[in-house]
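The values are calculated or read from the model by the stated rules, or taken from the named source; none is laboratory data. The model shown is predicted, which means the values in this text are computed figures rather than measured ones. Methodologically, a virtual Cβ is constructed for each residue, glycine included, from the backbone with ideal geometry; neighbour enumeration extends over all protein chains shown. When the accessible area is computed, the model is the full protein with side chains, heavy atoms only, and any ligands, DNA or RNA have been set aside. Shrake-Rupley method; radii C 1.70, N 1.55, O 1.52, S 1.80 Å.
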Amino acid sequence: IAMRPHDDNLRTLVNRTLQRLAKTERFAKLYAESFSKADLPPDQYTIPIPWVGLDDDKRAITDFSTDLLLPAQPVLARLSAQKVLRVAGVGNPDATGKYSLLDTFDQALITEMAQRWKVTPQFIPDSAGKGEDMVASGAADLAVGVEPHWGSVDRVDFVGIYATHGYRLMVPVGRTINNFADLLATNRWVGVFANDPAAFPTAEKLAKSAGVLNLKKLEINSDDDIMQDIASQNVNVIFGDSLRLVPYANANPKLAKLTDKQYTSNPIAFAVPRNDSDFRARVDETLQDMAHDGFYQKLWKDQFNVGDPLPIGYWP
């Protein structure tokens, strides 16, 4: 779908409609009605991932402005003059000096992007969780590790979904558990992180859909808890966000492994200044270039070492 570069309100409306079609599964039905499986297999459908808060955006078409919006301070002009890319959103290292899995991935991705632009990346300290605000205020050119949501669509633009995160199952090595249905033959202890209140209700709902009732909750406060619970066989599975489980499974392959399925999928993208369409396009096309030449896929394997990289399409 093509439109004028600075018609941000139309772009927002179209994106919202496509996401609503995806959330109601109408998108997949339209594909199936239009193409046979031989012409277009279902695993090749291109369906957008709905952002958080989609149902909260109640605006009618008449509520969207018809004005074209122009950026007050285009990023590409500043980059051309100063050769520095200001990046927000990377967290601080832990007590041992290590960055989180996503932060390490983000830094490598941005470093390569800046190298291709022939500019120097400047990672703004203490900016984790503040990326959107810093981009909206002009204090940063780009924010990483952002989960697109409808609460900020009139403050910043989200571009280039480059990863997803969501709930997964981690099981002790040696256990024959691959999904929730396999808990039927166990005592059904599920470990969840204590600071993730949504995890256990989500696990209960997924287990119920597989015919498994009466899960038992074991709260986890640290990686040491995971190790102890696995060693003492106090837990059958651990259910948590992939960004927390993947690093543990990678670091402890003799203790725990991830099952294949990711039960929820939330996108991770960049945030850029609202309607700076030239810079937004530059970010998007550079991510496409990285996928085209294989850098993105190699980085994914080197950093995450689990699952498949996102199928980022690239234009001719």
| Residue within the range 100-115 that is β-branched (V, I, T), out of contact with any Ser or Thr (no Cβ under 9 Å at 6 or more places or on another chain) and buried (at least 17 other Cβ atoms within 10 Å of the Cβ) present | yes
| task | Would you mind finding the one in L169, L109 that is in contact (Cβ under 8 Å) with a residue 60 or more places away in the chain, under 21 Å from N250 (Cβ atoms) and part of a helix (DSSP H, G or I)? | result | L109
| Unique match (being buried (at least 17 other Cβ atoms within 10 Å of the Cβ), at pLDDT 95 or above and either over 22 Å from the mean Cα position of the chain (by Cα) or hydrophobic (A, V, I, L, M, F, W, C) (or both)) among V75, V90, V84 | V75
| Out of T264, T202, T259, sole residue that is in a strand (DSSP E or B), over 30 Å from W117 (Cα atoms) and hydroxyl-bearing (S, T, Y) | T259
| request: Mind listing whichever residues of the range 276-297 are among the charged types (D, E, K, R) and either over 14 Å from I110 (Cα atoms) or within 17 Å of the chain's Cα centre (by Cα) (or both)? | output: D276, D278, R280, D284, D293
| field | Enumeration of residues in the range 157-179 that are among the hydroxyl-bearing types (S, T, Y), under 10 Å from the mean Cα position of the chain (by Cα) and either more than 14 Å from P309 (Cα to Cα) or open to solvent by less than 10 Å² (accessible area, probe 1.4 Å) (or both) | value | Y162
| Where residues in the range 56-81 are in contact (Cβ under 8 Å) with a residue 24 or more places away in the chain and in a helix (DSSP H, G or I), which of them is farthest from P125 (Cα to Cα)? | I61
